[in-house]
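Contents: one structure, followed by commentary.
The values are calculated or read from the model by the stated rules, or taken from the named source; none is laboratory data. Please read these numbers as outputs of a predicted model, since none were measured by experiment. Here the Cβ positions follow ideal geometry from the backbone for every residue, glycine too, while neighbour counts run over all protein chains shown. For accessibility, only protein heavy atoms count, side chains too; no ligands or nucleic acids. Shrake-Rupley method; radii C 1.70, N 1.55, O 1.52, S 1.80 Å.
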Amino acid sequence: MTAVAAVSAAAVGAVALPASAADHHPGRHHRDAVYISSVRYDAPGRDDRSNRALNREWVDVTNNSRRPVNLSGWTLADRDGHTYTFHHYRLAGRGTVRVHTGYGHDTRSDVFQDRNRSVWDRSDTATLRNDHGRFVDDASWGRDHRGDRDHRDRDHRGDRDHRDRDHRGDR
């Protein structure tokens with residue numbers, strides 16, 4: 001086989017990969033359907049505790065499956081126990097919902113915790129649990145996130161490092 005034929009065969013083989021191989025989040029097992037995809041814990045601009053500033057702090061939750069997922073009863077919590085519970089919310093297939101800290105009107109793409117204080121610290125962990133309280137995903141950031149994880153999370157995920165994700169949300 002000539003070098004040109006070998007390169008052509010390799011290119012055809014690369015194109016023929018199943019779509020599912022490229023569909024999953026980098027660094028994740030392909031069965032993870034819902035996960036924390038991005039976090040902005042330190043909103044840009046002045047931190048004046050205004051609702052506008054609070055809503056620049058958020059967590060994105062993504063569904064990478066083709067089917068919608070009912071998030072009613074699911075929770076998103078920080079390390080200090082501040083917990084947001086999803087109510088009557090269905091996350092579309094291949095969809096993302098942004099969970100803002102402050103007040104606002106919930107839509108299909110944005111929901112609001114209706115808080116008047118910041119939730120996500122410079123060093124923190126966001127933990128997503130399903131409606132049965134079972135661990136789904138977490139994202140940690142800051143200098144001391146490695147040693148402060150809840151033992152229940154380690155049992156499910158190990159000491160996976162989340163530095164490969166964009167936790168500041170500055171995309």
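Report the paramagnetic label zone for residue 47: residues of region 96-133 whose backbone N is under 16 Å from a point 7 Å from Cα along the Cα-to-Cβ axis.
Residues 101-102, 116-125 qualify, since their backbone N sits under 16 Å from the label point.
Given points 7 Å out from each Cα along the Cα-Cβ axis, report the residue 33 to residue 134 separation in nanometres with one decimal.
1.1 nm
With a 1.4 Å probe and every protein chain kept in, tell me what percent of the accessible surface of region 46-86 is carbon plus sulfur. Walk me through the numbers on the way to the answer.
Numbers: 930 of 2190 Å².
Result for region 46-86: 43 percent of the exposed heavy-atom area is carbon or sulfur.
Taking θ = phi - 60°, what integer Hz values does the Karplus form 6.51 cos²θ - 1.76 cosθ + 1.60 yield along region 42-50, in sequence order, with x for Gly and Pro?
Calculated HN-Hα couplings, in order: 10, 4, x, x, 6, 8, 9, 6, 6 Hz.
³J(HN,Hα) across region 67-78 via Karplus (A = 6.51, B = -1.76, C = 1.60, θ = phi - 60°), whole Hz, x for Gly/Pro?
So the J values, rounded to whole Hz, are 9, x, 10, 7, 8, 4, x, 6, 10, 10, 10, 9.
Would you mind getting me the FRET efficiency between residue 117 and residue 72? Use the beta-carbon distance for r and R0 = 25 Å, nearest 0.05. Walk me through the numbers on the way to the answer.
Working: r = 25 Å, r/R0 = 1.02.
The value I calculate is 0.45.
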